[in-house]
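Here's the structure we're looking at; comments come further down.
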């Protein structure tokens, strides 16, 4: 440390001097690890959304007179298909 030239630091001073950088490094690494662990879930949800969109377009092309809005049968059947039921 620049304020302790040629002096040996006590244990308490060593902890005080290095606690913040160590905790900052640990928190940065844990944040990075959490971001990496969320990638497979994001990929899965992206694929599910693409499947649902494709199913809805296909079902709307087959039956253009279907009801509009949330809860319509084409949307419910698309969710059912993409969930594997």
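The values are calculated or read from the model by the stated rules, or taken from the named source; none is laboratory data. Predicted, not measured: the structure shown is a model, and the values here were computed from it. Here the Cβ is made from the backbone with ideal geometry for all residues, glycine too, and neighbour counts use every protein chain on show.
Would you mind finding the one in 41, 68 that is out of contact with any helix residue (DSSP H, G or I) (no Cβ under 8 Å at 6 or more places or on another chain), surrounded by fewer than 10 Cβ atoms within 10 Å (Cβ to Cβ) and at pLDDT below 90?
68
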Condition broken by residue 1, with the remaining ones in (1) out of contact with any helix residue (DSSP H, G or I) (no Cβ under 9 Å at 6 or more places or on another chain); (2) at pLDDT below 85 satisfied: (1)
